[in-house]
Amino acid sequence: MIIDFRSDTVTKPGPGMLEAMMKAQVGDDVFGEDPAINELEHLAAVMFGMEDGLFCPSGTMTNQIAIKCHTQPGDEVICDESAHVYQYEGGGIAFNSGASVKLLAGDRGRITAEQVRAAINPDDAHRAKTSLVCLENTSNRGGGSCYDFEEIRKIKSVCDEHHLAFHLDGARVWNAIVAKSETTLQYGEVFDSISICLSKSLGCPVGSLLLGRKDLIKKGRRVRKVFGGGMRQAGFLAAAGIYALKNNIDRLATDHEHAKKIAATIAEKEFVKMVLPVETNIIIFELKENNAAGIVSRLKEKDILGYAIAPNRVRLVVHLDITEDMIEQTITTFKSL
Ligand SMILES: Cc1ncc(COP(=O)(O)O)c(C=O)c1O
């Protein structure tokens, strides 16, 4: 039995999801004729109180489309220094949008309204025009950390004062919503655009959605075509998304409990310097020595897969395909290390 904690992207569709996919009614989505995609876009938009949605192959694409729609070449985007949009999207902000980035040193991936206010460039021809603020919730590099929603509201006020667009990379917003007992509608009220991923904690094989006002999504649809993301009978994938939205959200609380259980065992190990607070499904632990690769290979020998995210840091991500037995086996293995 391989226990794969490398990411929550590794899940495979189970029988219920596969059945939903097999039964999908499909058509050519570039003509707007795929019933399953239309239903998914509508369902997700309504959930978040947004006007419209756009189904895309990846979270990278939904983030990059949003950034392209909210900026002009030469503009500046504000985000945390560990943000996926900056660190892990191939320099896409520069490549696709010709924009520059102002990075802020947040607390485990979370920036504050005061930091944002101080980072906005003055209206001066010498300076790049600040036009967009991007948040990530939960924060991947922050170890699944969640924003305090009041801080998000404060950042929104700063954006309004300065006429800045406000985008959420909500690849794992589901985990934040469940962990903090929030609502999807809260998010729709404050953000101009939200990227949500179906292929992470919700267990779909593929798919992300960009949500926003009708005019933004219309523009985004054009950008998606330019990026080569216009799919045809992709309703088979959308059907998995509909199934996930209806069945796989509440169960995330179990992943969070599992993550906390494993983290408690790891925290007791002599070779561990500290474990980042576990708020959702991600565990990041720091080692006393720079031997993350060594720990990952020792775990692999025992059929447990993790990820060395830095010379001294290991990440484990709990997800839908991790069973109670796997959690117990992982705890036993850590105890024996
Ligand atoms: C926070 C965050 N945003 C965006 C993405 C991009 O998603 P995708 O891999 O579907 O492009 C990821 C992927 O892991 C992520 O962790």
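The values are calculated or read from the model by the stated rules, or taken from the named source; none is laboratory data. This structure is a prediction, so every number in the text was calculated from the model and none was measured. Cβ placement follows ideal geometry from the backbone for every residue including glycine, while neighbour counts extend to all protein chains displayed. SASA here: full protein model, heavy atoms, side chains in, ligands and nucleic acids out. Shrake-Rupley method; radii C 1.70, N 1.55, O 1.52, S 1.80 Å.
Its Kirkwood hydrodynamic radius, worked out from the mean inverse distance over all distinct Cα pairs, puts the chain at 20.6 Å. Of all stretches in the chain that contain no GluC sites (Glu not before Pro) in a DSSP loop with at most 13 other Cβ atoms within 10 Å, the longest one is 1-267. A 1.4 Å probe over all protein chains sorts V158, V10 by accessible area into V10, V158, starting with the largest.
Step through the table entries K269/K335; K12/K200; K225/K246; K218/K246, compare each Cα-Cα distance with 18 Å, and write down the pairs that go over it. Too far apart for the 18 Å limit: K225/K246; K218/K246. Summed over qualifying helices (DSSP H, 4 residues or more, each -39500 (n - 2.57)) and divided by its residue number, the chain shows a 222 nm mean residue ellipticity of -12500 deg cm²/dmol. At full extension, D124 and E161 could sit 11.6 nm farther apart than now, given 0.36 nm per residue minus the alpha carbon distance. Listed by chain and number, the lysines whose C-alpha is less than 20 Å from the C-alpha of K129, apart from same-chain residues fewer than 8 away, are K68, K102, K156. Can you give the log10 of the normalised intensity I(q)/I(0) at q = 0.12 Å⁻¹, computed with Debye over equal Cα scatterers of the range 84-233? For the range 84-233, the Cα-only Debye profile gives -0.53. Within the accessible surface of the chain, defined with a 1.4 Å probe on protein heavy atoms only, the carbon and sulfur portion equals 52 percent.
Taking the Cα centre of the chain as reference, the dipole from Cβ charges on Lys and Arg (+1) and Asp and Glu (-1) amounts to some 560 debye. Counting every C-alpha pair in the range 1-61, the share spaced more than 13 angstrom apart comes to 74%. With every protein chain in place and a 1.4 angstrom probe, the accessible-area ranking of Y86, Y307, Y147, largest first, reads Y307, Y86, Y147. Of all the options G207, G59, G32, the one that moves most in a Gaussian network model of the chain with Cα springs shorter than 10 angstrom is G32. The charge dipole of the range 1-159, taken about the Cα centre with unit charges on the Cβ atoms of Lys, Arg (+1) and Asp, Glu (-1), comes to about 540 debye, rounded to the nearest 20. The Cα trace of the range 264-337 gives Rg and Dmax of 11.5, 32 Å, the first to one decimal, the second as a whole number. For the range 83-172, what does the alpha-carbon gyration tensor say about shape, rounded, prolate or oblate, given a ≥ b ≥ c as the root eigenvalues, a/c under 1.5 as rounded, and a/b over b/c as prolate? Judged from the Cα gyration tensor, the range 83-172 comes out oblate (a/c at least 1.5, b/c at or above a/b). When the residues H167, H162 are ordered by accessible surface, computed with a 1.4 Å probe over the protein chains alone, the sequence from largest down reads H162, H167.
Estimated at the nearest 10 Å², the accessible area of S181 is 100 Å² with a 1.4 Å probe. Taking every alpha-carbon pair under 8 Å whose residues sit at least 6 apart, the range 75-182 reaches a relative contact order of 29 percent. Scaled against the 2.2 N^0.38 Å expected of a compact globular protein of N residues, the Cα radius of gyration of the range 141-223 reads 1.15. Solvent-accessible surface of the chain, averaged per residue with a 1.4 angstrom probe and all protein chains in place: 42 square angstrom. Take every Cα pair under 8 Å whose residues are at least 6 apart in sequence, average their separation, divide by the length of the chain, and the relative contact order is 25 percent.
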